[in-house]
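Bear in mind that the values in this text are calculations on the coordinates, not laboratory data. For clarity, every value in this text was computed on a predicted model and none was experimentally measured. Positions of Cβ are generated from backbone atoms using ideal geometry, with glycine treated the same way; all protein chains shown enter the neighbour counts.
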Amino acid sequence: MSLFRHLHDDAFLAFSRDHKHLYAACLLDLHERFFSGAPSFPTPQQVVHAIYDVMRANPALWNEGDDFGSLPEMISAGRRRIRKADVALTSEKGDKALGLARQLYARLLAWGWLEEEEYGLRVTVDMAMGPLLVIQRLASLNKDLSQTFGGLIVQIRLNLEAVEKLRPEITDRKQREAALAVREARNQADHFTRSLRAILADLKRVRRTVMESKTIATRLEAFFEEFVEQLLLKDFESILTVNHPYRFRDAIVDLARRISYTPETMQVLAEEYTASSMAADIEDGRMAAADDLLAIESIFDQIGEMFDRIEAFRRQLEARVRNTIKYAERGGQGLVGRAGDLVRRLDALLRDDRHHKATIEWSIEPLRSSWSEHHQAPARQPRRPVEARELAEPPSDPLYELRKKLRLEYIARIAPRPEDVRRFLEGQVPPFATREARFMEIDTVDDFLAFDCARRYALTGEVPAQVAAGFDLEPRQDTPPHDSEWLRCANFVVRRAGHFRKAEAARAQ
């Protein structure tokens with residue numbers, strides 16, 4: 001399958017047998033020592049010595065009775081054999097451990113985790129791309145899993161603000177290279193979404209751990225250790241304080257929209273995408289930049305649902321722990337059980353006349369019987385036959401009717417009909433004339449909604465017949481945009497056309 005084309009067929013055998021923890025410790029140590037940070041090309045001897053050090057530091061992962069199969073011959077480097085870590089400590093156990101280290105190294109080679117390369121007379125060990133990516137992910141899982149958002153949202157906003165200032169007349173390479181920050185901002189937004197999903201998944205794990213606890217003590221311990229210390233203080237603090245995404249969400253969405261509606265900035269983005277081989281041509285670069293901006297806008301426009309889920313899980317978990325504490329004292333080991341035992345012992349003392357004058361200042365509720373003639377279930381009556389009668393009308397709720405009316409009016413107003421758009425254009429475009437959108441005036445909300453519909457008609461080319469019969473709408477990307485208090489968008493042209501224009505010409509003659 002294409003998913004495993006970069007991995008050996010037996011790569012995961014290292015994690016499927018009895019010594020999986022030993023193999024995992026060796027791979028993590030080799031990755032940390034040789035294949036991360038500064039470039040390093042170790043020799044086979046150095047790798048075997050590193051595996052030997054891991055075995056010496058973790059003796060619980062193996063023992064002398066382990067059967068690793070036949071031991072290979074000792075690897076030589078020229079005339080010198082591998083040196084022991086400490087010649088003074090040479091023993092039969094050390095020799096066998098070193099042999100087992102060579103065996104582990106040979107199996108890692110056979111399973112594709114490591115590979116040897118020859119450079120002249122020198123042999124070095126390297127890790128292929130597929131195993132390297134896998135072990136990097138495993139190493140990240142072995143570290144602190146708390147999600148950090150420090151400066152992430154602010155960085156996205158700053159990148160978009162720098163991109164918004166780009167214009168074709170800017171020739172400085174450092175300033176124009178800021179266009180590539182759009183792709184980086186999209187990657188950061190994707191990382192932010194994955195982090196929110198990780199927090200939500202961790203909340204489920206914490207809830208499962210807390211609820212699976214057998215006793216109240218272990219449940220409270222799991223709550224405070226797993227939730228409060230590990231998750232709440234690290235992740236929630238970073239997203240529910242100064243870096244909360246809601247603080248910059250509207251600003252980021254507005255920036256992405258303004259950039260996508262500014263032809264000059266989109267032209268610079270298309271040129272830089274093409275120059276950096278992120279797109280094949282200018283048009284492809286413009287589409288790629290538009291996709292990145294749309295992805296950023298969509299992510300930050302829909303993060304509300306994710307935060308609602310996180311908040312709901314948090315409230316549920318805290319409510320369950322609160323109920324556990326509330327009812328903990330109602331069991332036999334709580335306050336009620338201890339108080340009952342105390343009362344029984346006091347009654348025994350009174351029965352023995354040992355403390356006949358003993359009194360306890362305590363208010364005790366009078367005993368009441370739970371049996372009463374008014375508490376009995378009523379006798380079952382004979383079943384009455386079904387009678388046909390008219391259905392009662394549902395009760396009328398004036399508030400519901402008013403909300404229904406307002407909702408219908410809102411739906412009718414928020415989506416203008418083609419007749420409303422045509423009426424707006426007739427008031428904006430004089431007869432026998434042409435007018436650009438940047439010179440149109442918007443006075444009311446209805447004008448804004450009709451103007452936005454006309455803009456979408458011009459951009460998509462899908463003009464309803466009622467509007468196309470009287471007007472032609474064409475986009476004008478090479479002209480200044482429409483910029484008013486209502487919105488900022490790309491410019492387009494509206495001209496009289498069709499039989500309406502012919503009729504007006506006939507009336508004028």
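With the cut-off at 1.5 for a/c, could you classify the range 408-506 from its C-alpha gyration tensor as rounded, prolate or oblate? Here the range 408-506 falls in the oblate category.
Assuming R0 = 56 Å, can you tell me the calculated FRET efficiency for the pair Gln381 and Arg137, based on Cβ-Cβ distance, to the nearest 0.05? Show your work: numbers first, answer last.
Numbers: r = 70 Å, r/R0 = 1.25.
After rounding, the FRET efficiency stands at 0.20.
Extending 7 Å from the Cα toward the beta-carbon at both Arg456 and Asp353 defines two label points whose distance is 9.7 nm.
The label-point distance for Gln477 and Arg122, in a model that sets each label 7 Å from Cα toward Cβ, rounds to 5.3 nm.
For Asp53 and His21, what does the FRET efficiency come to when R0 = 25 Å and r is the distance between their Cβ atoms, rounded to the nearest 0.05? If you can, show how the numbers build up before the last one.
Values: r = 16 Å, r/R0 = 0.64.
FRET efficiency, Asp53 to His21: 0.95.
Run the paramagnetic zone check for Val445: 7 angstrom along Cα to Cβ, then residues of the range 399-434 with backbone nitrogen under 16 Å. The answer is 403-417, whose backbone nitrogens lie closer than 16 Å to the label point.
Ranked highest first by the average count of other Cβ atoms within 10 Å around their residues, in what order do 406-418, 288-300 fall?
On the way: 406-418: 11.6, 288-300: 20.0.
Answer by packing, highest mean first, reads 288-300, 406-418.
Compared with the alpha-carbon gap, the fully stretched path from Glu318 to Arg389 is longer by 20.4 nm at 0.36 nm per residue. Straightening the chain between Asp341 and Ser276 buys 15.3 nm, computed as 0.36 nm per residue apart minus the Cα-Cα spacing. Estimated from the Cβ-Cβ distance and a Förster radius of 56 angstrom, the FRET efficiency linking Asp29 and Arg167 is about 0.60. Projecting label points 7 angstrom from Cα along Cα→Cβ for Thr209 and Ser40 puts them 3.2 nm apart.
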